[in-house]
1. Restricting region 88-112 to residues that are assigned to a strand (DSSP E or B) and among the aliphatic types (A, V, I, L, M), which is surrounded by the most Cβ atoms within 10 Å (Cβ to Cβ)?
2. Could you go through region 123-136 and let me know if any residue there is aromatic (Phe, Trp, Tyr) and in a loop (DSSP other than H, G, I, E, B).
3. Out of (1) buried (at least 17 other Cβ atoms within 10 Å of the Cβ); (2) among the acidic types (Asp, Glu); (3) in a helix (DSSP H, G or I), what's the single condition that is false for Glu85?
4. Consider only pairs whose beta carbons are under 6 Å apart and that are at least six residues apart or on different chains; among these, list those whose first residue lies in region 128-146 and is among the basic types (Lys, Arg) and whose second residue is assigned to a loop (DSSP other than H, G, I, E, B) and modelled with pLDDT of 85 or more.
5. Within region 130-139, is there a residue that is at pLDDT 90 or above, within 16 Å of the chain's Cα centre (by Cα) and not hydrophobic (A, V, I, L, M, F, W, C)?
6. In this structure, is Ile44 within 30 Å of Val152 (Cα to Cα) and either at pLDDT 90 or above or surrounded by 12 or more Cβ atoms within 10 Å (Cβ to Cβ) (or both)?
7. Between a residue in region 84-106 that is outside the structural domain of Gly140 (by TED's automatic domain parsing) and among the basic types (Lys, Arg) and any residue that is at pLDDT 95 or above and part of a strand (DSSP E or B), which pairs come within a Cβ distance under 6 Å, given they are 6 or more apart or on different chains?
8. Which of the numbered conditions does Trp137 fail, given that it passes all the others? Conditions: (1) of a type in the set (A, V, I, L, M, F, W, C); (2) farther than 30 Å from Leu48 by Cα; (3) touching a helix residue (DSSP H, G or I) at 6+ places or on another chain (Cβ under 6 Å).
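The values are calculated or read from the model by the stated rules, or taken from the named source; none is laboratory data. Small disclaimer: the values here were computed from a predicted structure and weren't measured. Reconstructed Cβ throughout: ideal geometry from the backbone, glycine too, with neighbour counts over all protein chains shown.
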Amino acid sequence: MASRIATEKKENGLLIKIKAYQDHDKQKFFTIYLITWTLCGIAISSQLFVEVEEQLKSMILVFFAFWVYFEYLLVKAYRWRIGGEEQFFIDEENLQYGRTYSNRGFLKPYRKDLVNQVRLIDDEKSTFVKVFSDSYWVIGGERLAFTANGKVVPFGLRLSDKEAKKLKELINRELD
């Protein structure tokens, strides 16, 4: 497997890009699941436009609210798997971090002098959170974090042990 971490020296700093984890077999099933979820939601929600009892209409509206929320999460995760990247830009004074979709997104700046060293956070999460964030249809699985201005900023989605160690050392070296 090729490394998902790429670095690029710019004239005013270092750009680090981490591609989203993608498993082609799981992606096929995820695509089928997303299409099925979408079609079922549309089919059930279409009953809002048919003459039915008010109580049934209320139940369909509640279902529709939940369906829209989970549809949003699924589409967001699908887009992340296809073209998502975590990006860092480290210059003399700032560390900027953000998640981008197909090179669209914003990097939030943090002053380097207020950023603590990057650390592994595997042991800081509960078992339920670990299991849930390792699911393929969720954007999660952060392995690393830094603290800036008293706020923990997790990153390094679904990195292998080797990749997490490499990224941790690279960022910490740039922060010094």
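1. First, the residues of region 88-112 that are assigned to a strand (DSSP E or B): 88-90, 94-101, 104, 108-111.
Those left that are additionally among the aliphatic types (A, V, I, L, M): 90, 95.
Working: Ile90: 22, Leu95: 25.
Out of the qualifying residues, it is Leu95.
2. Residues of region 123-136 that are aromatic (Phe, Trp, Tyr), as a first pass: 128, 132, 136.
Now restrict to residues that are in a loop (DSSP other than H, G, I, E, B): 136.
Taking every residue of region 123-136 in turn, at least one turns out to be aromatic (Phe, Trp, Tyr) and in a loop (DSSP other than H, G, I, E, B).
3. (3)
4. What qualifies is Arg143/Leu159.
5. no
6. Working: within 30 Å of Val152 (Cα to Cα): no; either at pLDDT 90 or above or surrounded by 12 or more Cβ atoms within 10 Å (Cβ to Cβ) (or both): yes.
Taking the combined requirement at face value, the residue does not satisfy it.
7. none
8. (2)
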